[in-house]
Structures are given as structure tokens and as C-alpha cells.
1. Mind checking which residues of the stretch 286-307 are within 22 Å of Gly197 (Cβ to Cβ) and not charged (D, E, K, R)?
2. Would it be correct to say that Glu342 is acidic (Asp, Glu) and touching a helix residue (DSSP H, G or I) at 6+ places or on another chain (Cβ under 8 Å)?
3. Give the stretch 1-25 a look and list any residue that's out of contact with any strand residue (DSSP E or B) (no Cβ under 6 Å at 6 or more places or on another chain) and either assigned to a strand (DSSP E or B) or surrounded by fewer than 19 Cβ atoms within 10 Å (Cβ to Cβ) (or both), or say none.
4. Regarding Ala32, is this residue touching a residue at least 60 places away in the same chain (Cβ under 8 Å), part of a loop (DSSP other than H, G, I, E, B), closer than 30 Å to Ser275 by Cα and not acidic (Asp, Glu)?
5. Going by the conditions given, is Thr214 polar (S, T, N, Q), assigned to a strand (DSSP E or B) and farther than 21 Å from Ala78 by Cβ?
6. If you scan the stretch 166-196, which residues turn out to be among the hydrophobic types (A, V, I, L, M, F, W, C), crowded, with 21+ Cβ neighbours inside 10 Å and over 22 Å from the mean Cα position of the chain (by Cα)?
7. Under 7 Å between Cβ atoms, at least 6 apart or on separate chains: pull out the pairs that start in the stretch 246-265 with a residue that is at negative phi and end on any residue that is in a helix (DSSP H, G or I).
8. How about the stretch 330-372: which of its residues are at positive phi, touching a residue at least 60 places away in the same chain (Cβ under 8 Å) and small (Gly, Ala, Ser)?
Amino acid sequence: MKIKTEAALADAVKSATGPLAIEGGGTRGMTAAGDILSVSGLSGISLYEPGALTLVAQTGTPVAMIEEALAKENQRLAFEPMDHRALLGTKGDPTIGGVMAGNVSGPRRIAVGAARDFLLGVRFVDGRGAIVKNGGRVMKNVTGYDLVKLMAGSCGTLGVLTEVSLKVLPRPETESTLVMQGLDDTAAVAAMARALGSPFEVSGAAHDPGEKQTRLRVEGFEDSVAYRIQRLQSILATRGADMSVATGKASASGWAGLRDVAPLAQMNGDIWRISCKPSDGPALAAKAQAQAWFYDWAGGLIWMCLESGTDLRARLGVFGGYATLVRADAATKARLGIFHPEAPGVARLAAGLRSQFDPKGLFNAGLMEAAA
């Protein structure tokens, strides 16, 4: 069923008798069991005030439409959301609702925060068919919850987003990337930590072991970028790596590829996303025995390609983070689960929230639950 208005969505939820699979652009490969309820018809920018750095859009609005409107005012979505289509082989258009429901955040997260940090307000339909706006006029049993933060990353299991209010930021004058060649994983993570600990405002830090290439991005006014790149070269010179600088479009293209996991997209096998403490990254990569991998977020995010059907969580054991299965066949997803198992206390809290917002268990049933 394709919904075109918020009122129609509320009616559809009220009359539902079984599970509903919430769908936007259909590009993230996470459709749950149940009748498909598409919100792609809820599309359009409701309000855009460039001077106030705010934008309001219905959740079925394509991200490309929003980025085009922002570009005309020299602004952007600073958290640079990933486009999953090349990695997953999906079609359609990524929507802003899907981005916020998944809290999809790109390389710049280390500098500006996650997608949820740019979410100012929400409208959504809960499991009773009630329309809820922000944290204001809500049901008595959810008063006190930070609804904005709860909805971001909930993957449509608490309610169906219909509208989001966003903070946007100016687009910088230019960008450059310092490229270091020849570092191993441990040395690269140390170099990225050194760069992030400097005062030179690095907005991206990634390392590709296959290319033995470490990238550090700097953005801003042209003179400032040139100065900061030079200073980074100076403080990292002792790392023993060859250095070069990519500027402008060449820099931007490289980061777009890393954002969309281009180094692994064409490889055969399952794709995993590991969030961890950066200093733990090299040891986890060694334990994983992956076919290929690369680091983002200065080592705090590792993308891996493993042989199909591999239980990466069992291979890694207990560690301070989590492993998400992003690409695999349906049988592997059913056996291993997409999301990392939650600690018992967290699982109880999550189940309690779902029972409050979606008492009939309609929305994306089982999507975020651990495999049996």
C-alpha cells in the first residue's frame, strides 16, 4: 500500500490486523515481514529557511531533492548520509525518512555528529494510529521521552515517520585531503588519532589497507585549508609515509566513494559494519580474517567483506562495540540477525519502548531483534 497523506497513514495503521513492513525508497535492503506500507508518497519540502539553517520535509522526500535545494543556497546535509544502492544492488531513491530512521551518518560524523544530531523535530504515526508531533502533544504514557532521539535509528519499529525538521549547515569554500601512503593498520590508526587530536579541524579520517592509503580531510576557506594541510604534513612527517594532497573535486570524489563503501561494493561475500574503539580496530580486523576491509571514523568504524555465511560476531567474541550485518542473503540474515544482540538490560528497555509506542507489534516486526 502506498500512502500519500499523513491522515491516510493513520487510518491504515488503525485498521491493520497484521504486521506492516515500512518502506520508503527501498534502497537499504531491510524490508521486514508483513504487508508493505510505503511512505514514498509523502514527499516534498514543507519549509526551508536558509537564514535560519532549517529545513522541514516529508519523509518520502528523496535525499537528492533536498541536496539540490540546499545546493542552491550553498548549504548541505553536513552528516553526508550514505547511498546504499551500489553496495546492496538496490534501486529507487534514498529518502530523508529512511536516513533518519536508520541514523545514517557518513565520514564527517567524527567532526559534526551523527544524523540524529541534526534532527530538530519529528512527526510520526504510532502503533495506535495516533499522530504525534515532536515532544509536545503526545500520549500520556510517552511524556518525558526525547522523541526526536528515540525515532532516529529506530528503523521504523517505534512509529512511522511522516515529517522531519532538520538543521543544515553552510557548504565550505573548498576541501583538501592529505593522502598518506604506506602505513600499516596500527600506524594508520595512530596517525589518524594524532590528526584528530590536533587543532586543525580534520573532518574525515579513513584508511584503506588494500591500498595502504590513509586519508585526512580538511574543509573551510581556501587559505585556511592550505595552512592546515601544511601543518598536518609537518606533525605527521615522522610517521614515515609518502604524502600527497588531493584538492577540490578529486578530494570530494574520494570521500563520496568511502561514504558509499565503494572499496567493497563489487566484492563477493557478506558485508559487515563494525563500530568499536579506534585503538581496538587493528586487533579486531586481524581476528576477523576478512577478505578485505577499511577503516572510517579514524578507526572507530570498520567495513568488512567476509566469506558468505560467516558468523563474524562469533569470530570476534566479546568486544566494546557491535557488528551489523549489512549485506547477506536472506538465510544468513535470518540465522545471524542483522543487528548485534543487545545486553539484557538494554533489550528490556527496548522491548518496553516498543510496547508503549507499538503495542500490537505492527511495525517492522522482528527487524531489530537478535536471531534465535
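The values are calculated or read from the model by the stated rules, or taken from the named source; none is laboratory data. Quantities reported herein were computed from a predicted structural model and do not represent experimental measurements. Because the Cβ atoms are built from the backbone with ideal geometry, glycine has one as well, and the counts that use them run over all protein chains shown.
1. Phe294, Tyr295, Trp297, Ala298, Gly299, Gly300, Leu301, Ile302
2. The answer is yes for Glu342.
3. Within the stretch 1-25, Lys4, Thr5, Ala7, Ala8, Asp11, Ala12, Lys14, Ser15, Ala16, Thr17, Gly18, Pro19 qualify.
4. Spelling it out, Ala32 is indeed touching a residue at least 60 places away in the same chain (Cβ under 8 Å), part of a loop (DSSP other than H, G, I, E, B), closer than 30 Å to Ser275 by Cα and not acidic (Asp, Glu).
5. Considered against the rule, which asks whether it is polar (S, T, N, Q), assigned to a strand (DSSP E or B) and farther than 21 Å from Ala78 by Cβ, Thr214 comes out as yes.
6. Filtering the stretch 166-196 down to residues among the hydrophobic types (A, V, I, L, M, F, W, C) leaves 166, 168-169, 178-180, 183, 187-193, 195-196.
Restricting the remaining residues to those that are crowded, with 21+ Cβ neighbours inside 10 Å gives 166, 168, 178, 180, 183, 188-189, 191-192, 195.
Once the filter is applied, which keeps residues that are among the hydrophobic types (A, V, I, L, M, F, W, C), crowded, with 21+ Cβ neighbours inside 10 Å and over 22 Å from the mean Cα position of the chain (by Cα), the stretch 166-196 yields Leu178, Met180, Leu183, Ala188, Ala191, Ala195.
7. As it stands, the answer is Ala246/Gly254; Asp260/Ala86; Asp260/Leu87; Ala262/Ala86; Ala265/Ala86; Ala265/Leu87, since those pairs meet every condition given.
8. Once the filter is applied, which keeps residues that are at positive phi, touching a residue at least 60 places away in the same chain (Cβ under 8 Å) and small (Gly, Ala, Ser), the stretch 330-372 yields Gly361, Gly366.
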